[in-house]
Amino acid sequence: MGIFGRKNESATTPATAAAAAPAGPDLAAVTGDYTVDPAHTTLGFVARHAMVTNVKGSFSDFTGSLHLDGSDPAKSTASFDVQMASISTGNEDRDGHLKSADFFKIDEFPTMTFRSTSAESLGGDDYRITGDLTILGTTKPITIDLEFNGVAKDPFGNERVGFEGKSEILRSDWGLSWNAALETGGVLISDKIKLNFDISAIKEA
């Protein structure tokens, strides 16, 4: 997600690491435009249910593009468009409720989008990307911490980059406020949602 250039790992703090020498030729070579591969990418989330367990879900229908600058990570960008009808939590009734007017209102708001606004190196293989997340027509900033997993050429000759990311949001910030009280206290669904990403992207020719 728009950020790569491994910094001098002898630096002792994120600030000094970010100010270290530019990436070497091997990592500078990742510079370019990439298309996210949905078949090998997971856009997932976790919500607390009934105060006692976690429910995991993901989206299967999305497009994404990256521009990576290995020499200057701050110039990297990321863009995603997610079709909300593709949400899956492993339960048809729950998925149907999430698509309804109580939650995502997919007939009125079929797409969730992310557009990066800044990127930075934290040192080593760690990066941070900030961007605008739009859900239900509401746009709010989120910050995603990322770990660069490397570069590889697959058996079909595609040059791939991979990374993992995580973030946390309050769903109520986007108007996702439906809930139900529990007899034992608390609510059915947590406001805090954990986001997790496993990204594989293919370099464009």
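Numbers at a glance
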item	result
Phi to ³J(HN,Hα) by Karplus 6.51 cos²θ - 1.76 cosθ + 1.60 over the range 31-46, Hz, x for Gly, Pro	4, x, 9, 10, 10, 5, 8, x, 5, 10, 10, 10, 10, x, 8, 9
Given 15 as the ceiling on other Cβ atoms within 10 Å, longest exposed-site-free region of the chain for GluC sites (Glu not before Pro) in DSSP loops	10-107
Links that overshoot a 23 Å alpha carbon limit, given the list Lys105/Lys203; Lys105/Lys140; Lys105/Lys192	Lys105/Lys203
Cα-derived Rg over Rh, computed across the chain with Rh taken as Kirkwood radius	1.02
Amide proton proximity set for Ile189, modelled H, under 5 Å, gap of 5+	Ala50, Ala180
Where the chain is the region considered: accessible area per residue in Å², 1.4 Å probe	51 Å²
Accessible surface of Lys56 - all protein chains present, 1.4 Å probe, nearest 10 Å²	150 Å²
Backbone HN-Hα couplings from phi across the range 165-174 [Karplus 6.51/-1.76/1.60, Hz, Gly and Pro as x]	x, 8, 7, 9, 9, 9, 4, 5, 5, 9
Whole-percent carbon and sulfur share, accessible surface of the chain, 1.4 Å	51 percent
Two-decimal ratio, the range 107-205, of alpha-carbon radius of gyration to 2.2 N^0.38 Å	1.39
Computed accessible area, Asp69, all protein chains, 1.4 angstrom probe, square angstrom	30 Å²
Mean ellipticity per residue at 222 nm, deg cm²/dmol - from DSSP H runs of n ≥ 4 across the chain, formula -39500 (n - 2.57)	-2000 deg cm²/dmol
Charge-dipole axis of the chain as Lys and Arg at +1 and Asp and Glu at -1 on Cβ define it, positive-most pick from Leu122, Phe62, Ala205	Leu122
D_trans [Stokes-Einstein, Kirkwood Rh over alpha-carbon pairs] for the range 76-149, 37 °C, 0.692 mPa s, µm² s⁻¹	236 µm²/s
In Hz, Karplus ³J(HN,Hα) per residue of the range 56-70 (6.51, -1.76, 1.60; θ = phi - 60°; x = Gly, Pro)	9, x, 7, 10, 9, 10, 7, 10, x, 9, 10, 10, 10, 10, x
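The values are calculated or read from the model by the stated rules, or taken from the named source; none is laboratory data. This structure is a prediction, so every number in the text was calculated from the model and none was measured. Every residue, glycine among them, receives a Cβ derived from its backbone with ideal geometry; neighbour counts consider all protein chains shown. Just the protein is used for accessible areas: all its heavy atoms, side chains included, with ligands, DNA and RNA removed. Shrake-Rupley method; radii C 1.70, N 1.55, O 1.52, S 1.80 Å.
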